[in-house]
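Participant: Before I ask anything, here is the structure I am working with.
The values are calculated or read from the model by the stated rules, or taken from the named source; none is laboratory data. On a predicted model such as this, the values are computed, not experimentally measured, just so you know. Here Cβ is always computed from backbone atoms with ideal geometry, including for glycine, and neighbour counts include all displayed protein chains. Please note that ligands, DNA and RNA were not included when accessible areas were found on the heavy atoms of the full protein model with its side chains. Shrake-Rupley method; radii C 1.70, N 1.55, O 1.52, S 1.80 Å.
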Amino acid sequence: MIKDNLLKIREEISRTAERSGRSPDEIDLLAVSKRIVVPKIEEAFQAGQLLFGENFVQEADEKIEKLDKAITWHFIGHLQSNKAKIAARLFHMIETVDRIKIARALNKHAGEMRKKLEILVQVNVGKEEQKSGISPENAGQFLKDLQNFEYLSVRGLMTMPPFAADPELSRPFFRSLKQLAERFTQAGYFANPDNIVLSMGMSNDFTVAIEEGSTLVRVGTAIFGSRT
Ligand SMILES: *Cc1c(COP(=O)(O)O)cnc(C)c1O
């Protein structure tokens, strides 16, 4: 069943990319495995899925050691600085960097491991008070400040728009993240300007996100079913 879901989603990603005049190779699928047990993650891995995302450092720590080393892990949850050391060790990319204190901690711990840690800046495009992410207004200065961190590789932006049952309502938020990313590319803020990562789109709105330029969709429920 997980295998069928993955197949269906990959097909939908390809179809949407082609319809939007993009190459399907430009879009990565991150399987969001928070609160999903190891055997199910294993099942997705056996079906060829190599990229997974977790929201909680301790949960990830327990699961990652039981799973194949070929898996690439992204952190997509809210990161506290007392967890930065473990996070810097466990993850290939931290998608949710939104304040200097966290960046400083990640840089320090990555440096101790002689590891260049990939990061995304999480932007709160919907300006929701309860939501993590830096405001679009402050994002430019923040990216500028991040240039000083030797062990962080700033690869792009991530966002989670306000919840909406209708995916069309997410479109303007995806579009504004893309526009921000274009501005910051011009400014030279990204480590790999020919290959910017735009992490946007989840189970219910990833096709809209791809139409608006997403290069990384984060899909949980549509792969694993509801988390209960
Ligand atoms: C849980 C989560 C997802 C996946 O959501 P689904 O609706 O299950 O696809 C994506 N991104 C983030 C940041 C999440 O916390």
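Participant: Just one of Ile71, Ile64, Ile102, Ile86 is closer than 25 Å to Asp28 by Cβ, open to solvent by less than 70 Å² (accessible area, probe 1.4 Å) and within 16 Å of the ligand (Cβ to nearest atom); which is it? Spell out how you get there, then give the answer.
Facilitator: Details: Ile71 fails: within 16 Å of the ligand (Cβ to nearest atom); Ile64 fails: within 16 Å of the ligand (Cβ to nearest atom); Ile86 fails: within 16 Å of the ligand (Cβ to nearest atom).
Sole residue among the options that is closer than 25 Å to Asp28 by Cβ, open to solvent by less than 70 Å² (accessible area, probe 1.4 Å) and within 16 Å of the ligand (Cβ to nearest atom): Ile102.
Participant: Quickly run through the range 20-35 and pick out the residues that are part of a helix (DSSP H, G or I) and touching a residue at least 60 places away in the same chain (Cβ under 8 Å). Walk me through how you get there before you give the answer.
Facilitator: First pass over the range 20-35, keeping only residues part of a helix (DSSP H, G or I): 24-26.
The answer is Glu26, and nothing else.
Participant: Would you mention how many residues in the range 59-106 are in contact (Cβ under 8 Å) with a residue 12 or more places away in the chain and in a helix (DSSP H, G or I)?
Facilitator: Selection size over the range 59-106: 21.
Participant: Checking Phe52 against (1) in a helix (DSSP H, G or I); (2) open to solvent by less than 20 Å² (accessible area, probe 1.4 Å); (3) not hydroxyl-bearing (Ser, Thr, Tyr), only one condition comes out false. Which one?
Facilitator: Only one criterion in (1) in a helix (DSSP H, G or I); (2) open to solvent by less than 20 Å² (accessible area, probe 1.4 Å); (3) not hydroxyl-bearing (Ser, Thr, Tyr) is unmet by Phe52, namely (1).
Participant: Right, here's the next one. Give the number of residues within the range 167-201 that are among the hydrophobic types (A, V, I, L, M, F, W, C), buried (at least 17 other Cβ atoms within 10 Å of the Cβ) and within 16 Å of the ligand (Cβ to nearest atom).
Facilitator: 6
Participant: Any idea which of Asn148, Asn204 is away from the ligand (no atom under 14 Å from the Cβ) and open to solvent by 60 Å² or more (accessible area, probe 1.4 Å)?
Facilitator: Details: Asn204 fails: away from the ligand (no atom under 14 Å from the Cβ).
Only one candidate passes the filter, namely Asn148.
Participant: Examine the range 42-51 for a residue that is modelled with pLDDT of 95 or more, within 15 Å of the chain's Cα centre (by Cα) and within 16 Å of the ligand (Cβ to nearest atom), and state whether such a residue exists. Let's see the steps before the verdict.
Facilitator: Initially, the range 42-51 is screened for residues modelled with pLDDT of 95 or more, giving 42-51.
Filter once more, keeping what is within 15 Å of the chain's Cα centre (by Cα): 50-51.
Adding the requirement that they be within 16 Å of the ligand (Cβ to nearest atom) leaves 51.
Yes, the range 42-51 contains at least one residue that is modelled with pLDDT of 95 or more, within 15 Å of the chain's Cα centre (by Cα) and within 16 Å of the ligand (Cβ to nearest atom).
Participant: Which ones in the range 1-20 are away from the ligand (no atom under 16 Å from the Cβ), surrounded by fewer than 17 Cβ atoms within 10 Å (Cβ to Cβ) and under 16 Å from Phe206 (Cα atoms)? First the steps, then the outcome.
Facilitator: Within the range 1-20, the subset away from the ligand (no atom under 16 Å from the Cβ) is 3-4, 7, 11, 14-15, 17-20.
Okay, now just the ones that are also surrounded by fewer than 17 Cβ atoms within 10 Å (Cβ to Cβ), so 3-4, 7, 11, 14-15, 18-20.
Scanning the range 1-20 gives Leu7, Glu11, Ser14, Arg15, Glu18, Arg19, Ser20.
Participant: Please determine, by comparing only the residues of the range 207-228 that are buried (at least 18 other Cβ atoms within 10 Å of the Cβ) and small (Gly, Ala, Ser), which one is nearest to the ligand (Cβ to nearest atom).
Facilitator: Step by step, filter the range 207-228, then rank; the result is Gly220.
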